[in-house]
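Please treat every number below as a calculation from the coordinates, not as lab data. None of the values given here were measured: they were computed from a predicted structure. Reconstructed Cβ throughout: ideal geometry from the backbone, glycine too, with neighbour counts over all protein chains shown.
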Amino acid sequence: MLAQNIETYQNENDVIVRVNELKSKGIQENKVTVITDKKPDSSILADRLSVNYKEAKGSFGDKVSAMFSGDKPEEKTLQELNLNERETDKYADELKNGKILLFIDPAARKTLEMEDDTIAQDPLDAANAAYTETDNTAFTEVNKNTAAQPGTSQKEQMELHEEVVDVERDTFKAGEVNVDKRTVTDREEFDVPVNKQEVNIERRPVNKVSDRANAADAYTEKDGIHVPVYEEKVDVDKKDVIKEEIVVNKKDVQENVHVNENVRREEAEIKDTTKKDSDLK
């Protein structure tokens, strides 16, 4: 039944472990569909893996379409999996409760089940299952009825995971510098030295007898003395000069930004019952 092929996980880290497990069995990432109620701001599944990542809330257009169709966004997304009404309601509630659904392509699922059936035919291999779906950090309990025979080598493997901080730098516009110019009128006042001529009239007594030649012009009307007088005046004019220039350029300056982030890691707890009081980490 299709509903049996949908796996439910509590958090993204558990889904990543499951995807890596499927990859080790030959299932490509693009054959895996992951459905979550709402994509977080930072998601390794959506941003770094090639799985088919679907957000049940959908885009704005999906929400509008769901509103007119009468379906909830979660149920509209699950309709693509051909679930019945009871199964749709069940998994819609799972999504709203923050759980993540994982679905494997039917053809890939069939190949995986054939491989699991082949492994299950060997009791020793069946006893070596490494993870369960609900707790991928613990070994599954080996079937007590299947005991290893003396002299037979047994090997079990468990992967330990840890989170690493992946820092990326994005360039964004922090601002801009605008340089404009405006006209300002100032009033200037100053004194300018000018030259001018002044007339100085001096009268001097003579008291002498004039000669006959000069006496002939006496007592007649004639032109007076005309003396032109000059002076300087201020002629104000303006001319344009380039007083200064502004040059704007920019340069790259590097500075350190402190980053603080919590990361998780898995540690192995080794309990050896063949040795007394042995609890190693």
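Tabulated data
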read-out: Computed label-point distance, nm, for sites S24 and M158 using a 7 Å Cα→Cβ extension; value: 1.3
read-out: Surrounding net charge for Q28, when Lys and Arg each add one and Asp and Glu each subtract one, Cβ distance under 15 Å; value: +2
read-out: Too-long pairs where the Cα-Cα distance tops 21 Å, listed order kept, from K155/K271; K25/K54; K31/K90; K25/K155; value: K25/K54; K31/K90
read-out: Residues I35, I104 arranged by fewest to most Cβ contacts within 10 Å; value: I104, I35
read-out: Extension gain (nm, one decimal) between V263 and N207, 0.36 nm per residue minus Cα-Cα; value: 7.4 nm
read-out: Among V177, V206, V227 - extreme Cα towards positive end, dipole of segment 170-263, charges at beta-carbon; value: V206
read-out: Residues R182, R264, sorted so that the one with the fewest Cβ neighbours within 10 Å comes first; value: R182, R264
read-out: Calculated FRET efficiency for the pair E188/E231, C-beta based, R₀ 22 Å, to 0.05; value: 0.35
read-out: Counted charge near E168, where neighbours are those whose Cβ lies closer than 12 Å (Asp, Glu -1; Lys, Arg +1); value: -1
read-out: Burial ordering of D235, D47, fewest other beta-carbon atoms within 10 Å first; value: D235, D47
read-out: Separation in nanometres of the label points that stand 7 Å from Cα toward Cβ, at K243 and K39; value: 5.7
